[in-house]
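See below for the structure under consideration.
The values are calculated or read from the model by the stated rules, or taken from the named source; none is laboratory data. Just so we're clear, the structure is a prediction, and the values are computed from it rather than from any experiment. With ideal geometry, Cβ positions are generated from the backbone for all residues, glycine too; neighbour counts draw on all protein chains shown.
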Amino acid sequence: MRVLVVEDEHKIAQSIKKGLEQEHYAVDLMFTGPTGVEAALSEDYDVIILDVMLPEISGIDICRELRKQQLHTPILMLTARGQVHEKVDGLNSGADDYLTKPFAFEELLARLQALLRRPKNQLDATLTVSDLTMDTITYQVLRDGKTIQLSQKEYSMLEYLMRHKGQALSKDQIINHVWDYESDVLPNTVEVYVGYLRNKIDKPFKSLPPLIQTIRGFGYKIG
């Protein structure tokens, strides 16, 4: 999952980024309103964390603009203010949820996971492809009843493939969802990680059909 964090307090932004990366998210940081709007409209994110008090443009105005541009990505707003009318303003601007600072990271994570599980986003907590299952809450991956240990990037790539089972995904699509904006990633990096995944979910199960397929000249699909 790829997350955009728009937060002008660098310490808070970096703390959120570090925590989410440990939970297998790819995270991009923007520190001003204009750069946040540009990133949200030009890149494909699964969820946006948006601070209300930002330089130049407020988070509420940003949210209104994104919804005006028909961007339906879930938005979680952050603010140091907790008054009811300010929360109402944020939600009325198009935000999906609201969190008051200071907050526990565990609550932030739980709220993000709740947004991602909403039916309109078609993001289920348990993913299944044939006899391969992934629990996105516990991060447990099983094939044929056997636990598969994955690195963070392997997990993120497999989750993206499984959420789009049967669909051919280009290397660029995979890079955009598994790595953050600042990562220096080449297309052959995707090939390397696909090799890692095959070594863990296909090759050890020789009696079962391989799940990851190469689409020549394009990318990969699972299922």
Checklist line | One residue from THR136, THR126 being closer than 30 Å to ASP96 by Cβ, buried (at least 17 other Cβ atoms within 10 Å of the Cβ) and at pLDDT below 95 | finding: THR136
Next item on the list: Could you figure out which of (1) at pLDDT 90 or above; (2) part of a loop (DSSP other than H, G, I, E, B); (3) within 15 Å of the chain's Cα centre (by Cα) isn't true of PHE103?
Entry: (3)
Check: Just wondering, is there one or more residues in segment 44-58 that are part of a helix (DSSP H, G or I) and not assigned by TED's automatic domain parsing to the domain that holds SER183?
Finding: no
Checklist line | Which listed residue, of ASP51, ASP89, ASP8, is touching a residue at least 24 places away in the same chain (Cβ under 8 Å) and crowded, with 21+ Cβ neighbours inside 10 Å | finding: ASP51
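Report the residue count in segment 157-195 for those that are out of contact with any His (no Cβ under 8 Å at 6 or more places or on another chain) and either in a helix (DSSP H, G or I) or among the acidic types (Asp, Glu) (or both).
25
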Note to self: If ASP180 satisfies all but one of (1) at pLDDT below 90; (2) more than 24 Å from LEU20 (Cβ to Cβ), what's the number of the condition it fails?
What the structure shows: (2)
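Any residue at all in segment 197-205 that's within 30 Å of VAL5 (Cα to Cα), among the aliphatic types (A, V, I, L, M) and modelled with pLDDT of 95 or more?
yes
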Note to self: Taking the conditions exactly as written (loosely packed, with under 15 Cβ neighbours inside 10 Å and not assigned by TED's automatic domain parsing to the domain that holds HIS24), does THR147 satisfy them or not?
What the structure shows: yes
Check: Out of all the residues in segment 28-57, which are more than 20 Å from LYS18 (Cα to Cα) and among the acidic types (Asp, Glu)?
Finding: GLU38, GLU43, ASP44, GLU56
